[in-house]
Amino acid sequence: MKVLTVCSGNPEGNHFSFEIERVFIHEQILEIKNRGMDVDVFFIEGKEAKGYLKNLKFLKSKIRKGNYDLVHAHFGLSGLLSAMQRIKPVVVTFHGSDINVFKTNLFSSVACYLSKWRIFVSSNLFKKMFIKPKNRYSVIPCGVDFEIFYPVDKKKARNILALNNHEKYIMFASTFSNKVKNYPLAKKAVDLIGKINLLELKDRSRYEVNLLLNAVDLLLMTSYSEGSPQVIKEAMASNCPIVSTNVGDVRELIENTEGCYITTFNPKDVADKISMAFDYNNRTNGREKIKHLENSIIANKIIEVYAKVVSIGEPNR
């Protein structure tokens, strides 16, 4: 089977790196390829709907020349563009930002209606969709690479990262500048406790992120909204304690895991949950709890979707 993956190729800085800026898509493709699938990638260049539409003729040309069985688009706007080509059936994966915002939900709903199959990374996103499909959809979170994210001795990780073994460290779940991630709440909570190093997740390799998750005392997520946040799953795979607001599928991911806590958006409550994680003072058994989300298992589920779409044998609506 031959698949064309479609996603944004717009750089967040001066240079676009698929392996860094779309890492969860890149890792999913690698796993799918490992199972004998032939996968190419089409990168969309341009911003907003108008910028995306300029890619339509190039996408059509790519599809005609490539003899693909189907198109797999990631995010709603990419899905809408892909569904407009009407040549090959389209699978769209909705990740969160394409549904959690009113404007993007509108585009995603149209993409959802026009596509042959829909994948939601959490059931929460399905519930938020303006136009909900009655059939031909799946809830499949993005997987985690257990070879990249795994437990490391805490002191060893701190020594490699040159962190003080006698201080408290919290890893913030994103960059401080990302407004959706709600850094001000994290800062207020940390300030209520005092003497804590709050580390920004920025410009780190996958290797370094795993080391950080093993070196810190906990991962803190204070987001306003999420889909199925990868960093939460990566923390679970590394047995890192977690404090998070109840967004996306976080509650489902960390529920009943000692050392992991759901908080409200009240700074004192966040501070209290952080203190509880400090008092726990141990690593979790999170890795055991998310074995079903290992990349190879998720890749198999994606391939099952591909097989269903090809067997239907008809183009998009």
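The values are calculated or read from the model by the stated rules, or taken from the named source; none is laboratory data. Just so it is clear, the structure is predicted and the values come from calculations on it, not from any experiment. Note that each Cβ is placed from the backbone with ideal geometry, even for glycine, and that neighbours are counted across all protein chains shown.
Overview of values
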quantity	calculated
Test: residue in region 52-67 that is in a helix (DSSP H, G or I), basic (K, R) and closer than 28 Å to V231 by Cα	no
Selection count, region 47-82, where residues are surrounded by fewer than 24 Cβ atoms within 10 Å (Cβ to Cβ), of a type in the set (G, A, S) and either modelled with pLDDT of 95 or more or farther than 18 Å from I131 by Cβ (or both)	3
Strands (runs of 3 or more DSSP E) lying entirely in region 182-297 (those with 3 or more residues that are surrounded by fewer than 20 Cβ atoms within 10 Å (Cβ to Cβ))	197-199
Selection within region 1-39 - among the basic types (K, R), under 20 Å from the mean Cα position of the chain (by Cα) and assigned to a loop (DSSP other than H, G, I, E, B)	R22
In region 96-119, the residues that are outside any loop (DSSP other than H, G, I, E, B) and in contact (Cβ under 8 Å) with a residue 60 or more places away in the chain	S97, I99, N100, Y113, L114, W117, I119
Yes/no for F42 being surrounded by 14 or more Cβ atoms within 10 Å (Cβ to Cβ), in the same structural domain as F126 (by TED's automatic domain parsing), assigned to a loop (DSSP other than H, G, I, E, B) and not aliphatic (A, V, I, L, M)	no
Scope region 153-181; condition in contact (Cβ under 8 Å) with a residue 12 or more places away in the chain, assigned to a loop (DSSP other than H, G, I, E, B), surrounded by fewer than 17 Cβ atoms within 10 Å (Cβ to Cβ) and within 27 Å of the chain's Cα centre (by Cα); matching residues	D153, T175, F176
